[in-house]
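Only the coordinates and a few stated rules stand behind these numbers; no lab work does. Model, not experiment: these values are computed from the prediction. Glycine also receives a Cβ, built like all others from the backbone with ideal geometry; neighbour counts cover every protein chain displayed.
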Amino acid sequence: MKHYKAVFMDWDDTIGDWHHAEHRALQELYTLYNLNTLYPSFEAYKEAYTPYNLDLWGKYGRGEVTKEELHFARFYHPLTADSKQVLCGRNKTELAHEMGNVFLSLTNKYFSLLPDSERVVRYLASKYPLTIISNGFKEVQYYKFAHSGLQTCFKYAIISEEVGINKPQPEIFRIALSLNNVSADEAIMIGDSYTSDIAGAKAAGIDQIWLHEGETAETATLIVPKLADVMTLL
């Protein structure tokens, strides 16, 4: 491996276990808002929520929807399975706004780190200046940073809504380069999302470590199945 002067990292599903927190939060929403009146099971509700949410995040990364539009639409869309505008005596528009706010609080409640992430982050921080680059909403990201026990390991945290640029746009990676006073060939990006983390870093001329298991037609500088494998590379 060549020598790097800075390491950039994604947060959700790279360091923090967003998948778990999201799943538990959605389960609570399903029960709290009696969504069994629309969907016979939680799994059926999640099947309606997930692809639409993923599509919205893709649009958010491309700048096609705002944070507010994403935050509202991902909860409003599954409610439209029933054409009536009222659900359990509540206006669906108001309900979707409320669900979005409750959801963010619940994801904080269920926040946890992925296995080995603390060990790996502390190892990397002993060797390199670390920078988080995240598209996550600032009101939950800063909570997770503060409660992770790892906040002091990172020299910088770049939140897309604060800088007005989302991953995978290369400009957000160039901000990280500028903050660290390094060139593109002196940094490497670690992340789980090919579209946001890997493709974005590639566009900025930055090497990448993609956390990915299984077959893929996509390419990256390095592909490893688990974050712990990074310790053998850097």
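What's the long-distance tail for segment 1-138, i.e. % of Cα pairs beyond 28 Å? Beyond 28 Å sits 29 percent of the P(r) for segment 1-138. Taking a straight Cα-Cα cut-off under 19 Å and skipping sequence neighbours fewer than 8 places away in the same chain, the lysines within cross-link reach of K84 are K92. Modelled this way, with points 7 Å down the Cα-to-C-beta line, the labels at A146 and K67 are 1.6 nm from one another.
From least to most packed, judged by other beta carbons within 10 angstrom and beginning with the fewest, V224, V86 follow the order V86, V224.
Counting only aspartates and glutamates at least 8 places from K138 when in the same chain, those with an alpha carbon closer than 12 Å to its own are E161, E162.
Under 11 Å from the Cβ of S117, count the other residues' Cβ atoms, weight Lys and Arg +1, Asp and Glu -1, and hand me the total. Result for the local shell: -1.
Between 0 and 90 degrees, the angle of helix 170-180 with respect to the longest Cα principal axis of the chain falls at about 50 degrees. Check cross-link reach from K202 to the aspartates and glutamates: straight Cα distance under 15 Å, and skip same-chain residues fewer than eight apart. Those aspartates and glutamates meeting the cut-off are D10, E171, D185, E186, D192, E218.
Sort out for me the Cα centre separation of segment 167-234 from segment 78-141, rounded to whole Å. Between the Cα centres of segment 167-234 and segment 78-141 lies a distance of 22 Å. The residues neighbouring T37, those whose beta-carbon lies less than 15 Å from its own, together hold a net charge of +2 under the Lys/Arg +1, Asp/Glu -1 convention. Taking the number of Cβ atoms within 10 Å of each Cβ as an exposure proxy, the fewest-first ranking of D82, D17, D12 is D82, D17, D12. The alpha carbon radius of gyration of segment 107-161, expressed as a multiple of 2.2 N^0.38 Å, is 1.11. For segment 1-82, report the translational diffusion coefficient in µm²/s to the nearest whole number, using Stokes-Einstein at 37 °C, 0.692 mPa s, and a Kirkwood Rh over Cα pairs. Here the translational diffusion coefficient equals 223 µm²/s.
Taking each residue as 0.36 nm, the span from A81 to S183 lengthens on full extension beyond its C-alpha to C-alpha distance by 31.7 nm.
Where both partners of a DSSP beta bridge lie in the chain, what percent of those bridges are antiparallel, to the nearest 5?
Among the beta bridges of the chain, antiparallel pairing accounts for roughly 15 percent.
Based on Cα atoms of segment 52-199, Rg over Rh with Rh as the Kirkwood radius reads 1.03.
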